[in-house]
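Below: the structure, in structure tokens.
The values are calculated or read from the model by the stated rules, or taken from the named source; none is laboratory data. Because the structure is a prediction, the values reported are computed rather than measured. Cβ: placed from backbone, ideal geometry, glycine included. Neighbour counts: every protein chain shown.
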Amino acid sequence: MSDRHMICPPKHVAIIMDGNGRWAKARGLPRSMGHRKGVEAVRETVRAAGDLGISYLTLYAFSSENWSRPEAEVNDLMGLLKAFIRRDLAELHRENVRIRIIGDRTNLRGDIMPLLLEAEETTRNNTGITLLIAFNYGARDEMVRAMRRLAAEVAAGTMSPDDITPARVSASLDTSGIPDPDLILRTSGEERLSNFLLWQAAYSELMFLPELWPDFTRETLIHAIERFQRRERRFGGVTAPSLAVGS
Ligand code: FPP
């Protein structure tokens, strides 16, 4: 099939990119090489997702729990993310990609957050695919931050507890304004969400792929989407609604 604009692709695909370390280990290489190869897979995936007509692609780049990895690995991942933004921002901008960062933006030292915010600012008015980079992201942390903001409004008397609705909660999350993911992929055979988009995943289709992230290609994405298109989504009803909730 043609990989240019599939018929009815999922609007929002989110990916837990897992298996970089195992990819490297299987080749007797340091873990850092797995992450390096992982960045190449990121490049290919962003381009492929745009070509296929996906509107939103969320990549779990660094979780709020990843800080517990050895310092050298954390530094390596930061370096790779910075290099990705520095090297690829101009091209992503040219390709009309809009970058958005989700995760806790506070209390981060170094130049990583300013760089990510610059990428967000530079591409703010682009109209192509939105690339959401989950950085220093954890779903429970995101929900706690949202709850605190809502609680502060209630305490200030600008909102009543009854005003807190699912829509209001969604609008208070880092993904405010972004439709919930239709499809969440995780590579490397692990079958869990690991604190990723827990609220937004309420009706997402989950797919766990055996491929390690560095081996993920355009074809892997196309194959996953074809499988997604064969699934019947009912959103709690008995028949598939014509329009997905949150889309
Ligand atoms: C999981 O593999 C992967 C990560 C924790 C980081 C993913 C980051 C990248 C691919 C690079 C930077 C991102 C962007 C958006 C440019 P793992 O190390 O947990 O693998 P393992 O489970 O096999 O050890």
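Some observations on this one:
- All positions within segment 86-108 that are outside any helix (DSSP H, G or I), at negative phi, more than 11 Å from the ligand (Cβ to nearest atom) and out of contact with any Gly (no Cβ under 7 Å at 6 or more places or on another chain): Arg100, Ile102, Asp104, Arg105, Thr106, Leu108
- Residues (away from the ligand (no atom under 12 Å from the Cβ) and surrounded by 20 or more Cβ atoms within 10 Å (Cβ to Cβ)) located in segment 60-82: none
- All conditions in (1) touching a residue at least 40 places away in the same chain (Cβ under 8 Å); (2) under 21 Å from Ile7 (Cβ atoms) hold for Arg230, with the sole exception of (1).
- Enumeration of residues in segment 155-189 that are surrounded by 14 or more Cβ atoms within 10 Å (Cβ to Cβ) and over 15 Å from the mean Cα position of the chain (by Cα): Met159, Ile164, Val169, Ser170, Ser172, Ser188
- Some residue of segment 62-69 being of a type in the set (A, V, I, L, M, F, W, C), assigned to a strand (DSSP E or B) and either in contact (Cβ under 8 Å) with a residue 12 or more places away in the chain or closer than 19 Å to Leu212 by Cα (or both): yes
- Any hit, segment 112-127, residues being within 10 Å of the ligand (Cβ to nearest atom), in contact with a strand residue (DSSP E or B) (Cβ under 9 Å, 6 or more places away or on another chain) and β-branched (Val, Ile, Thr): no
- Restricting attention to segment 70-82, the residues being part of a helix (DSSP H, G or I) and either more than 24 Å from Glu142 (Cβ to Cβ) or among the acidic types (Asp, Glu) (or both) number 6.
- Residue, nearest to Asp180 (Cα to Cα), within segment 17-34, restricted to residues that are near the ligand (Cβ under 7 Å from one of its atoms) and of a type in the set (A, V, I, L, M, F, W, C): Met17
Yes/no per residue for (1) away from the ligand (no atom under 14 Å from the Cβ); (2) assigned to a loop (DSSP other than H, G, I, E, B); (3) under 23 Å from Leu173 (Cβ atoms); (4) at pLDDT 95 or above:
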{"site": "Ile15", "(1), (2), (3), (4)": "no, no, yes, yes"}
{"site": "Arg36", "(1), (2), (3), (4)": "no, no, no, yes"}
{"site": "Arg43", "(1), (2), (3), (4)": "no, no, no, yes"}
{"site": "Ile54", "(1), (2), (3), (4)": "yes, yes, yes, yes"}
{"site": "Thr58", "(1), (2), (3), (4)": "no, no, yes, yes"}
{"site": "Phe84", "(1), (2), (3), (4)": "no, no, no, yes"}
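- Residue match in segment 31-51 (condition: free of Cβ contacts under 8 Å to residues at least 12 places away in the same chain, farther than 18 Å from Leu131 by Cα and surrounded by fewer than 16 Cβ atoms within 10 Å (Cβ to Cβ)): no
- Test result for Glu205, touching a Leu at 6+ places or on another chain (Cβ under 6 Å) and under 22 Å from Pro9 (Cα atoms): yes
- Single residue of segment 1-13 satisfying the filter (modelled with pLDDT under 95 and closer than 12 Å to Gln229 by Cα) that is nearest to the chain's Cα centre (by Cα): Pro9
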